[in-house]
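**Q** What follows is a structure written as structure tokens; I'll ask about it next.
The values are calculated or read from the model by the stated rules, or taken from the named source; none is laboratory data. Remember, predicted model here, so these are calculated numbers, not experimental data. No Cβ is skipped: glycine too gets one built from the backbone with ideal geometry, and neighbour counts run over all protein chains shown. When the accessible area is computed, the model is the full protein with side chains, heavy atoms only, and any ligands, DNA or RNA have been set aside. Shrake-Rupley method; radii C 1.70, N 1.55, O 1.52, S 1.80 Å.
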Amino acid sequence: MYAIVAPAIQGQFDSATLPQIKKSIELLGFEKVYEVALGADAVAWEEQAELAEKMEAGVPMTTSCCPAFVNLAKMHFPQIYENNMSTVVSPMMALARKLKKDHPDHGVIFIGPCLAKKQEAMESFTAVDYVLTFEEVAAMMIAKHINPAEVEAKEEDYPSIFGRNFAQGGGVGKAVAQVAKEKAMAAPVGVYADGCMECKKQLTLMKFGKFTGNILEGMACPGGCIAGPAVIEPPMVAKGRMAKENIGNQKTIEESVESFDFTGVPMHRK
Ligand code: SF4
């Protein structure tokens, strides 16, 4: 079994660093733990290419990484779901597909702050076997007497800071803009919808042709995944710890995508 951890896990276990958190999860019995932010870098790379085509055609696009936002569009704005929503899978799904492609004999468990991901993992195109929340994993660590802050660990397979920032509201749009910058292409105008009400408002504007940007980033939880329903720490505490730990991470998205090779991994829903 592999575990894949959502970017929002950074800063969730007191002073434990990401390598310490990953190692602690391995001690629960997983063969290896990967950051979903590696999948987020690949998604941003792919989503920018899709957005560039849409910009050329004068059509706005929405993100597709928050399953609650995706379902909101699917149920209440079906035309936008069909015509404007990015067809790129979520970072969770992209990384799970990559691991299943390389190791078809392994299972993949996603660990995140989100209940909607439990539903996404049951979609017909899924590569994820099970979904656990941070709360559930914290309970397992307590039962096993594992204190992540005391575990010895070293960093490996790390993503860019942009992939890690998918955890925070506005982070997806910034990552897509970063890809455009790295490819020396036109910068997209991003609009961030913070929470369900704002998502609904922006989708309504898009439905009636009044949306003002190129890309709408929709997050059902106000503040993004660091404010998801199963986080352990207050969002501002986690945000501060993330900023501190990510100082010094200079990796570009291109470097991340090249180092953790997604070649041949199907990146689209359809
Ligand atoms: S914003 Fe909330 S509902 Fe959406 S993926 Fe993050 S935790 Fe899940």
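**Q** Out of region 208-232, which residues are more than 7 Å from the ligand (Cβ to nearest atom) and out of contact with any Pro (no Cβ under 8 Å at 6 or more places or on another chain)?
**A** F208, G209, K210, T212, E217, G218, P222, I232
**Q** Got a sec? Which helices (runs of 4 or more DSSP H) wholly within region 1-88 have at least 3 residues that are within 16 Å of the ligand (Cβ to nearest atom)?
**A** Correct list: 37-57, 67-76.
**Q** May I pose another question? Check off (1) outside any helix (DSSP H, G or I); (2) within 13 Å of the ligand (Cβ to nearest atom) for M93 and give me the number that stays unchecked.
**A** (1)
Quick grid of which residues meet (1) open to solvent by 30 Å² or more (accessible area, probe 1.4 Å); (2) at pLDDT 95 or above; (3) at positive phi:
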site: G29; (1), (2), (3): yes, yes, yes
site: Y34; (1), (2), (3): no, yes, no
site: A40; (1), (2), (3): no, yes, no
site: E46; (1), (2), (3): yes, yes, no
site: V59; (1), (2), (3): yes, yes, no
site: P67; (1), (2), (3): no, yes, no
site: S90; (1), (2), (3): no, yes, no
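**Q** Hey, among the residues in region 122-136 that are within 15 Å of the ligand (Cβ to nearest atom) and modelled with pLDDT of 95 or more, which one's most open to solvent (accessible area, probe 1.4 Å)?
**A** The extreme case among them is E135.
**Q** Write out, first by first residue and then by second, each pair whose Cβ atoms fall under 9 Å of each other, whose residues are 6+ apart or on separate chains, and whose first residue, in region 203-214, is open to solvent by 60 Å² or more (accessible area, probe 1.4 Å) while the second is polar (S, T, N, Q) and in a helix (DSSP H, G or I).
**A** K207/Q79; K210/T204
**Q** Within 16 Å of the ligand (Cβ to nearest atom), open to solvent by 50 Å² or more (accessible area, probe 1.4 Å) and either farther than 25 Å from M242 by Cβ or among the basic types (K, R) (or both): which single residue out of K154, K144, K118, K101 fits that description?
**A** The match here is K118.
**Q** Please count how many residues of region 111-158 are within 17 Å of A68 (Cα to Cα) and small (G, A, S).
**A** Going through region 111-158 one residue at a time, the tally reaches 4.
**Q** Something else now. Looking at G173 and the list (1) modelled with pLDDT of 95 or more; (2) within 30 Å of F13 (Cβ to Cβ); (3) more than 16 Å from the ligand (Cβ to nearest atom), which single condition is not satisfied?
**A** Unmet condition: (3).
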